[in-house]
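Below: the structure, in structure tokens.
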Amino acid sequence: MKTRLTEALGITCPVIQAPMAFAAGGALASAVSSADGLGMIGGAYGDAAWIGQQFDIAADARVGCGLITWKLAERPHLLDQVLARDPAALFLSFGNPAPFAPAIKEAGVPLICQVQTLRDARRALDCSADIIVAQGAEAGGHGDARGTFALVPEIADEIARQNSEALLCAAGGISDGRGLAAALMLGADGVVIGTRFWASNEALVHPRILNRAVAATGDDTIRTRVVDVVRGYDWPSRYNGRVLRNPFIQKWHGAEDALKLEAGVEAAKWAAAQEAGDLDVATAFAGEGIDLISSAAPAGELMADAQRCLAGAAA
Ligand SMILES: Cc1cc2nc3c(=O)[nH]c(=O)nc-3n(C[C@H](O)[C@H](O)[C@H](O)COP(=O)(O)O)c2cc1C
């Protein structure tokens with residue numbers, strides 16, 4: 001299927017794999033790009049050495065890189081290091097892209113801005129973003145409160161009103177061909193998919209966590225700040241993260257101030273559980289679309305499924 005997104009990025013399937021913190025390394029990104037989508041390294045909080053290693057792993061595959069914008073503002077020099085790797089695109093999310101947009105545009109690298117509100121989208125359009133990603137609250141990982149189904153057409157209309165050439169992707173809750181087709185009907189040129197690729201063979205996810213997570217339903221997920229409090233991450237207050245509920249989250253959700261007081265002990269416990277894959281305490285950042293996923297699969301197979309669904313929908 002051809003869309004404006006496939007033509008702009010030189011891919012044949014209008015799917016961008018989300019730059020997922022700690023989970024999306026070079027192996028996943030290159031698998032998606034090799035299967036004719038756009039793979040992204042999850043540069044997230046900006047560990048320069050790790051990002052460099054992942055570009056090395058991706059080797060000759062054309063992959064992009066995502067960075068968390070409010071964190072990039074604390075270490076802006078990182079942008080030059082990432083641009084030096086000639087990424088296929090730079091994906092900024094969660095914060096103001098304005099200070100970074102000029103350098104990205106000057107480097108000739110497509111700028112992808114993930115947004116959570118219409119106001120965010122207008123700011124991204126002011127920065128001449130090439131691709132706007134409208135992220136709904138169904139999404140796994142961090143985000144805000146708006147739902148995908150109304151946000152996508154609202155931003156599609158805004159792009160049209162402004163006569164902008166910017167492309168639009170939908171993100172949040174898209175885990176199979178039905179979501180993909182629906183996103184295109186809502187006015188998107190393509191989709192950004194996270195959770196479905198998080199549950200892939202190439203993702204950097206503990207197998208014990210993955211095995212338990214794929215048995216969960218969307219009802220088992222919750223948006224919470226608990227994980228940021230326990231990690232000591234200073235996220236702006238409008239954002240929280242969608243994760244799978246577990247005894248640790250149940251204990252501390254709504255009791256974040258008390259958790260801060262216990263932070264030392266609880267952080268050590270949480271880190272050990274993450275290492276061991278103990279999902280009673282460790283965190284699985286997963287979206288509502290987890291219900292549509294019953295097992296891990298190779299990323300290339302997921303892309304082939306997406307191509308088949310789109311061909312069917314087009315027919
Ligand atoms: C495990 C995980 C980690 C994520 N980490 C990031 C991140 O570091 N930066 C970012 O922009 N988005 C991140 N996201 C959100 C994705 O960009 C995307 O919006 C989301 O995955 C789309 O919804 P879906 O999970 O329902 O497919 C993450 C999502 C997941 C599932």
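The values are calculated or read from the model by the stated rules, or taken from the named source; none is laboratory data. Quick caveat, the model's predicted, so the values are computed rather than measured. Counting neighbours? That spans all protein chains shown, and the Cβs are built from the backbone with ideal geometry, glycine included.
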Inset, instruction - Go through region 119-135 and count every residue that is surrounded by fewer than 24 Cβ atoms within 10 Å (Cβ to Cβ) and closer than 16 Å to Asn163 by Cα. - result: 7
Inset, instruction - Just one of (1) farther than 18 Å from Trp198 by Cα; (2) away from the ligand (no atom under 15 Å from the Cβ) trips up Gly46, so point out which. - result: (2)
Legend entry - helices (runs of 4 or more DSSP H) (entirely within region 54-145) containing at least 1 residues that are more than 13 Å from the ligand (Cβ to nearest atom): 78-83, 101-106, 118-126
Inset, instruction - Among the residues of region 282-304, count how many are assigned to a loop (DSSP other than H, G, I, E, B) and within 15 Å of the ligand (Cβ to nearest atom). - result: 8
Inset, instruction - Search region 95-117 for residues that are under 23 Å from Asp234 (Cα atoms) and pair each with any residue that is of a type in the set (Phe, Trp, Tyr) and outside any loop (DSSP other than H, G, I, E, B) when their beta-carbon atoms are under 6 Å apart and the residues are at least 6 apart or on different chains. - result: Gly95/Trp70
Legend entry - Filter result for Ala59 (more than 15 Å from Ala89 (Cβ to Cβ) and buried (at least 18 other Cβ atoms within 10 Å of the Cβ)): no
Legend entry - Single match in Ala35, Ala21, Ala27, Ala98 (criterion: more than 19 Å from the chain's Cα centre (by Cα) and surrounded by fewer than 24 Cβ atoms within 10 Å (Cβ to Cβ)): Ala98
Inset, instruction - Can you confirm whether region 1-9 contains a residue that is in contact with a strand residue (DSSP E or B) (Cβ under 8 Å, 6 or more places away or on another chain) and modelled with pLDDT under 95? - result: yes
Inset, instruction - Output the residues belonging to region 196-244 that are over 23 Å from Ala267 (Cβ atoms) and away from the ligand (no atom under 12 Å from the Cβ). - result: Asn201, Glu202, Pro207, Asn211, Val214, Ala215, Ala216, Thr217, Asp219, Asp220, Arg238
Legend entry - Pair list, Cβ < 6 Å and 6+ apart or interchain, from region 133-144 residues that are of a type in the set (A, V, I, L, M, F, W, C) to residues that are near the ligand (Cβ under 8 Å from one of its atoms) and assigned to a loop (DSSP other than H, G, I, E, B): Ala139/Gly172; Ala139/Gly287
Inset, instruction - Under 7 Å between Cβ atoms, at least 6 apart or on separate chains: pull out the pairs that start in region 172-195 with a residue that is within 11 Å of the ligand (Cβ to nearest atom) and end on any residue that is among the basic types (Lys, Arg). - result: Ser175/Arg196
